[in-house]
Every structure is written in C-alpha cells, then in structure tokens.
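Here is the structure we will look at, set down as structure tokens.
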Amino acid sequence: MKQNTSKIGLIVILALFLVSLLIQPAQNSFTIISYGLEEVKTDSFDHSYATYNSLLKRYVINARVNYEGFINSRAEFETFLRALGSVDENVFESWTEEQRLAFWINAYNAFTIKAIIDHYPIKRSFTLVGIFYAPSDSILQIKGVWTKLQFRALGNMVTLEEIEHETLRKKFNEPRIHMAINCASISCPDLRNEAYTPEKLEEQLADASTNFVNNPDKGVYVNEQSGKVKLSKIFKWFGDDFINNYGSKKLFNNYSLKENAVLNFTSEYIESEEVKEYLMNNKLKIGYLGYDWHLNEQTDTMSPSS
C-alpha cells in the first residue's frame, strides 16, 4: 500500500511539473529577460565605490545579507547600478588592471543582489531543479538567473555567466576571483561588507582567500584521523583556473595537476602550520564538501555585534 502511495505521489508531482511547463508564459522559457537599467552617460566613475560601499556596510553582517534593506534603499542602489552601465568601453580600457578587476568583481556581486531583490522573497519554481534539488529560498529557484537575466555594464547588456566565464576567468590571470564573487548562497565565499577597490584589491583578495580556506564548513576541512581532506566544490568546478599560478610548485606529490595546484593555493593561505605540514607530508584522499544553496540572507536574530 505504501509503495503504491509513493508511486501515486511521484506521478502527481511529475504531472504538476508538466502542466507548469505548459502554462508558463513563453518568455520565461525562450526570451532573454532584461533587468538592466536605462543607459546614462557620464564622464567620471567613482573608483572608491562610495555609494555601493555604504550599502554593503549597512546591509551585510557576517557575510549575511539584509535583502529587505537593499529593497528599501532601491533608489540609492540603482544609482550605483546606473554608474556601472554608464562607463564607456574605451575609458574602461584605459584603466589599470586593478581598476578593471575591481569593477567586474563589484559588478558581479551587485548584479547578483539585484537579481535576488527583484525576486524577493524567493519562491519555489516548478522546474526539476526547483522541485527536487534546490532549497525553496535558493537563487537556483530564479530561472535563468545566470544565463538569461541581463544587466547593463559598460553600456552593454551582460549576464552573470558572461561576467564570470567570459570576462573574469578569461581576461584576468587571477584565480582568487573565485574567493571574491558571491552567488548569494551559504557555501559561497563570503560577501564582504565593503566594496573591492583598486588600492586595496591585493589585500582584499588575500583576505577573502584566507577567510574561505580556513572555514572548514566552506573551504577546506581536514580530518587527520581518517586521512581525508574535503575541499569546496568550487575547487572541483574551477580547479583548472589555479594551475597557471599555483601548478608549478611540486609541494604535493602523487596528485593530479589540478589537485596539486589547488593544494598549493590552499597551503598558501592556511593559517595553521600543523594543518599545512600534515597536508604536505601525507598522501590524502581528496573529497568535496556538500554545497549549501540556501540563500545567504540575514535572520531575525542577527545584529551587528553577532
């Protein structure tokens, strides 16, 4: 009887899923959805990111985001978003590499916040991912969040996927961008409560890497008793990006080139000398941490002092 009930329940879920596909507006499936703001031209750009920095200071506490705060300050936030879209490409190309990299990291994180507040509170979507895989409050519930939603930067419409894969990963030799960009989820590297700025960029990237690597729930978990090390899935997905900068050192033997590069990177930022020595002197079985896709929003109990 229980087995038949389970089968019936599964059939009902699948039927609802198929019906939802039929009744959804066509634009959700086939049309690029634009969340860009109107183009505004300006001759200057604030590389201190004063407006954005002020918002982050107010609404990000311990890597958790007060999305309602951003909604309440939408006009101020959209002033900053318009600034991202107003920069002329030729002017952008004249900037230093630090200025350009800080721009795209901040743009990615700000556009992610924009995607969240435009769909907040997030509701479960009737997709296979939305029903069976993603938490109900996850960014994964926003259909096409990385590939279809568009935002204006440098006068052009871009997606989050394009920023990450076509710009940050391809045009900058800086794998630490993976410690800086935030996907609005618990297991993502922390969203800083300050903007990335050209003058502080090296310090900020090093600090972001240190915080991530030394967080056993997010970055690197070492179990000396079992001889296992678990890494963030970010290193599984993007480990090849670390080879160019960290793959030449042979501190770790009997690992793949990608694993060697990732372990070299993590050892550079691990604060515990005992853990670092253990990693270097033992052949360990590498596994990966689970990825928590719950939204990185603040709870009612959080406060600036928490």
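Any idea which of Ile131, Ile163, Ile105 is over 24 Å from Ile177 (Cβ atoms) and either part of a helix (DSSP H, G or I) or within 21 Å of the chain's Cα centre (by Cα) (or both)?
It is Ile131.
Go through region 47-88 and count every residue that is at positive phi and not hydroxyl-bearing (Ser, Thr, Tyr).
2
Which one of Phe126, Phe92, Phe151 is closer than 23 Å to Asn53 by Cβ, out of contact with any Cys (no Cβ under 9 Å at 6 or more places or on another chain) and not in a helix (DSSP H, G or I)? I'd like the intermediate steps shown before the answer.
On the way: Phe126 fails: closer than 23 Å to Asn53 by Cβ; Phe92 fails: not in a helix (DSSP H, G or I).
Just one listed residue meets the conditions, Phe151.
Restricting attention to region 296-303, does a residue exist that is under 17 Å from the mean Cα position of the chain (by Cα) and outside any loop (DSSP other than H, G, I, E, B)?
Yes, some residue in region 296-303 is under 17 Å from the mean Cα position of the chain (by Cα) and outside any loop (DSSP other than H, G, I, E, B).
If I filter region 269-286 for residues that are under 26 Å from the mean Cα position of the chain (by Cα), among the basic types (Lys, Arg), not assigned by TED's automatic domain parsing to the domain that holds Ile116 and not in a helix (DSSP H, G or I), do I get at least one hit?
no
Out of the residues in region 42-89 that are free of Cβ contacts under 8 Å to residues at least 60 places away in the same chain and in a loop (DSSP other than H, G, I, E, B), which is farthest from Asn156 (Cα to Cα)?
Within region 42-89, the match that is farthest from Asn156 (Cα to Cα) is Ser73.
Do any residues in region 184-211 that are touching a residue at least 40 places away in the same chain (Cβ under 8 Å) and of a type in the set (A, V, I, L, M, F, W, C) have Cβ atoms under 6 Å from those of residues that are part of a helix (DSSP H, G or I) and surrounded by fewer than 20 Cβ atoms within 10 Å (Cβ to Cβ), where the two are at least six apart or on different chains, and which pairs are they?
Ala195/Asn53; Leu201/Glu98
The values are calculated or read from the model by the stated rules, or taken from the named source; none is laboratory data. Quick caveat, the model's predicted, so the values are computed rather than measured. Don't worry about glycine lacking a Cβ; one is built from the backbone with ideal geometry, like all the others, and counts go over all protein chains shown.
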